[in-house]
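The values are calculated or read from the model by the stated rules, or taken from the named source; none is laboratory data. Please read all numbers here as calculations on a predicted model, not as lab measurements. FYI the Cβ positions are ideal-geometry reconstructions off the backbone, even for glycines, and counts take in every protein chain you see.
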Amino acid sequence: MLDQAMNDSKTKQLDALLQNYLDLGAAMYGGEAVTQLEHALQCAHLSLAAGDAPPLVAACLLHDVGHLLSHQSPKSSDDPDDHHEQVAMIHLQNLFGPEVTQPILMHVNAKRYLCAVDEQYWSDLSQASKDSLEIQGGIYRPKQALEFMGLPFAKDAIKLRQYDDLAKVPQRVTPQLHEFRPMLEQLLLA
């Protein structure tokens with residue numbers, strides 16, 4: 001009985017999370033030409049098309065949910081970073097395991113890592129992404145990059161980041177949000 005109540009609670013939390021995308025996802029994604037929801041769906045679709053495991057697909061779908069939820073967390077007026085990856089972690093850690101939440105938490109630092117190890121990566125970033133990189137701490141120094149690669153889920157965070165960079169195409173056809181729901185339900189913590 002208690003297990004069923006906990007499952008019902010998690011299902012309701014998942015419903016609320018997905019409803020946030022439907023309610024708030026029409027906002028533009030930073031300085032890009034896609035909405036928050038379009039960006040999330042494109043990122044998840046790229047992961048799905050690559051044959052990634054469901055936890056990474058889910059991480060790709062939910063990686064920027066912190067942007068939608070950040071209005072619920074107080075932000076210091078002298079800090080221009082919304083720390084959306086941390087906001088997402090706070091909201092998702094009771095629903096999903098680390099195989100979903102850690103790549104999300106690490107996807108900002110994956111951009112910092114990729115810029116440190118690949119000059120072409122930095123030059124290919126959109127201007128909005130370059131601008132946010134500076135706010136997020138800038139390019140990693142070599143020691144930081146090495147430490148990042150030693151972390152669990154670093155490779156998944158890098159894949160998520162690469163999909164994130166590609167998920168900014170106006171009018172790209174993707175699955176709808178509700179099509180990802182069964183997968184997300186399967187990944188809910190027991």
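Filtering region 70-85 for residues that are under 27 Å from Gln171 (Cα atoms) and either at pLDDT 85 or above or in contact with a Cys (Cβ under 8 Å, 6 or more places away or on another chain) (or both) leaves a non-empty set.
Do you know which of the residues in region 42-52 that are small (Gly, Ala, Ser) and buried (at least 21 other Cβ atoms within 10 Å of the Cβ) is nearest to the chain's Cα centre (by Cα)?
Let us first name the residues in region 42-52 that are small (Gly, Ala, Ser), namely 44, 47, 49-51.
Still in the running and buried (at least 21 other Cβ atoms within 10 Å of the Cβ): 44, 47.
Details: Ala44: 10, Ser47: 12 Å.
Checking each candidate, the answer is Ala44.
Scanning region 8-41 for residues that are surrounded by fewer than 20 Cβ atoms within 10 Å (Cβ to Cβ) and of a type in the set (Gly, Ala, Ser), which turns out farthest from Pro175 (Cα to Cα)? By that ranking, first place goes to Ser9. Whenever a residue of region 53-69 is farther than 10 Å from Leu37 by Cα and crowded, with 22+ Cβ neighbours inside 10 Å, its partners that are of a type in the set (Lys, Arg) and modelled with pLDDT of 95 or more, lying with C-beta atoms within less than 8 angstrom and at least six residues away or across chains, give the pairs Leu56/Lys159. The criterion of being surrounded by 13 or more Cβ atoms within 10 Å (Cβ to Cβ), touching a Lys or Arg at 6+ places or on another chain (Cβ under 8 Å) and polar (S, T, N, Q) does not hold for Gln162.
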